[in-house]
Amino acid sequence: EVQLVESGGDFIQPGRSLRLSCTASGFTFDDYAMNWVRQVPGKGLEWVSGISWNSGSIAYADSVKGRFSISRDNAKNSVYLQMNSLKSEDTALYYCVKDISAFISYMDVWGRGTTVTVSS
Amino acid sequence: DIQMTQSPSSLSASVGDRVTITCRASQDIFNSLAWYQQKPGKLPRLLIYAASTLSLGVPSRFSGSGSGTHFTLTISRLQPEDFATYYCQNYNSVPLTFGGGTNVEI
C-alpha cells in the first residue's frame, strides 16, 4: 500500500523555525518527484514546494521563497521541508504529496498532513 | 506566475443534474491541467489529468475538456457522493497553482 506519513508539525512562535518530515512506503521513492501542499481549514489548496526525483529541480511558491527549503533523502525514502522565519500566515495543515512523475507536475497520493500553527 | 480562476466558487445542485465548473488560466498552459475532488474531512483525490484524461477508478460521469486558457469539468449526472469541493491545478510551469475551488452542495 502506498503511504505517506508526515511529522514535525507544532505550535510555534512567529520568526522561529520548524522542520517537517515525510516518510514514504509502498512505492519506489526515487522514481518520483515529491511536493508539499498546505491548506488552511475551510480554505483552498496551496502548493508550497516541489522537488524532482534526484533533487535536480526544486521550486517554491512565491509566498515561501527565501524562507522555506525542500530536500529529500532517497536512501531514507524521506522528504523534508525546512521552514524558517515563520509567519502567522504559514498556519495550515501541511500535506506531503507524491507526484505522478519524476518531475514536478500533478499529484496522485496524499499524506494525512501535519499541522503547523504559528502564533505568539 | 500563472493564476487559475475557477467559477463559480459554489453552486447548488440536485442529484441527477448536469454540473459544469470552469477554470481559466492567466496564460496558455496547453493541456497541463488536473482536477481534484475533496470531500469534507478527506484528502484530495485526483480526478482528471492532461485536461481530459480520467484517473484510474474515476466514474465516467466525470469529464474534462479544454486547452490553452479555458477548461471545464463536467459531471453528467450528479450522484450523492459527488457533493464536494473541486480544484483545478496548473502544472505547465512552476510554481504549480491551484484554482480557488468550487463547492458543489445540495
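Here, each number is a calculation from the coordinates, and none is a lab measurement. Model, not experiment: these values are computed from the prediction. FYI the Cβ positions are ideal-geometry reconstructions off the backbone, even for glycines, and counts take in every protein chain you see.
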Give me the pairs: first residue in region B:78-97 and more than 7 Å from every other protein chain (Cβ to nearest Cβ) and closer than 19 Å to B:Ala25 by Cα, second residue part of a loop (DSSP other than H, G, I, E, B) and aromatic (Phe, Trp, Tyr), beta-carbon distance under 8 Å, and six or more apart or on different chains, which are they? B:Asn92/B:Phe30
Which one of the conditions (1) buried (at least 20 other Cβ atoms within 10 Å of the Cβ); (2) among the polar types (S, T, N, Q); (3) more than 16 Å from the chain's Cα centre (by Cα) does A:Ser49 fail to meet, given that it meets all the rest? (3)
It is to be established whether one or more residues within region A:97-112 are hydroxyl-bearing (Ser, Thr, Tyr) and assigned to a strand (DSSP E or B). no
Can you list the strands (runs of 3 or more DSSP E) lying wholly within region A:1-94 that have 3 or more residues being touching a Lys or Arg at 6+ places or on another chain (Cβ under 8 Å)? A:3-7, A:45-51, A:78-83
Against the definition (polar (S, T, N, Q), within 12 Å of chain B (Cβ to nearest Cβ) and closer than 28 Å to B:Lys42 by Cβ), how does A:Ser7 come out, yes or no? no
Which one is nearest to B:Thr85 (Cα to Cα) among residues in region B:1-60 that are more than 14 Å from chain A (Cβ to nearest Cβ) and among the acidic types (Asp, Glu)? B:Asp17
